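Encoded as structure tokens, the structure appears first; notes follow it.
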Amino acid sequence: MITAVATREPLSDDEAAWLMKIYTLRKKDLFYAGAFRCFARCMPLAFTLVFAWGFLSGEFWNNKSTVIRSMQTFIVVSVGLSFVITTIVCWFINTYMIIPYQKDALCGQKLRISQKIMAKEYYPVTRQYFFRLEHNYEKLYEVDEDTYNSLNENDALQMYQCINSKHIFGDNDDVTIKFFTMRWSSSRY
């Protein structure tokens, strides 16, 4: 039985540059532009929540002289709630989806992992080759045709994975950022 064995290896300059590029693009798209998009999407939710709370508690309709003051409070509380939700979402995205790439690029190490191949799958329509691995059977790991033909089920597949972000380097290494896909050529190894 093959178990996942991880050994640390140095990160090449190209791999570190690739991780920093992912970090930079994610920070621009997910954090800076994402904060505005998140705030814009949280506003209707916040307005709905605050209005429902005010309407159900009778805060807005107690007497006619407080309607204007209640509406001003309604807007201020809604904007404040949107800002709080946006801050929490952006903190989560930055902490778990952006910063790990920078940490990986700066630490200068990657993990070489040996994992057992549980199943092989080929899709003739798209001409793609996949392995299902022991520790993450639900996920398909795409490989090239030569790797697919050279390994069988129950063999060990050597993968290179980042320590913090869990990004897996491969021949088809790509990252989707908003409207375009970056591809890293397989000639780096």
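Here are the numbers:
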{"read-out": "Yes/no for PHE74 being closer than 30 Å to PRO44 by Cβ, aromatic (Phe, Trp, Tyr) and either in contact with an Asp or Glu (Cβ under 9 Å, 6 or more places away or on another chain) or open to solvent by 70 Å² or more (accessible area, probe 1.4 Å) (or both)", "value": "yes"}
{"read-out": "The stretch 137-154, subset within 26 Å of LEU11 (Cβ to Cβ) and surrounded by 12 or more Cβ atoms within 10 Å (Cβ to Cβ), residue farthest from the chain's Cα centre (by Cα)", "value": "LEU151"}
{"read-out": "Filter result (of a type in the set (Lys, Arg) and under 14 Å from LYS166 (Cβ atoms)) within the stretch 113-148", "value": "LYS139"}
{"read-out": "Given (1) open to solvent by less than 60 Å² (accessible area, probe 1.4 Å); (2) modelled with pLDDT of 90 or more; (3) out of contact with any Ser or Thr (no Cβ under 6 Å at 6 or more places or on another chain); (4) among the hydroxyl-bearing types (Ser, Thr, Tyr), number of the condition TYR101 does not satisfy", "value": "(3)"}
{"read-out": "Any hit, the stretch 149-164, residues being at pLDDT below 85 and over 30 Å from LYS28 (Cβ atoms)", "value": "no"}
{"read-out": "Residues (exposed (fewer than 15 other Cβ atoms within 10 Å of the Cβ) and of a type outside the set (A, V, I, L, M, F, W, C)) located in the stretch 115-136", "value": "GLU121, TYR122, TYR123, PRO124, THR126, ARG127, HIS135, ASN136"}
{"read-out": "Residue match in the stretch 172-181 (condition: open to solvent by 30 Å² or more (accessible area, probe 1.4 Å), at pLDDT 85 or above and of a type outside the set (Asp, Glu))", "value": "no"}
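The values are calculated or read from the model by the stated rules, or taken from the named source; none is laboratory data. All values derive from a computational prediction rather than experimental measurement. Glycine gets a Cβ as well: all are built from the backbone with ideal geometry, and neighbour counts include every protein chain shown. Only protein heavy atoms, including side chains, enter the accessible area calculation; ligands, DNA and RNA are left aside. Shrake-Rupley method; radii C 1.70, N 1.55, O 1.52, S 1.80 Å.
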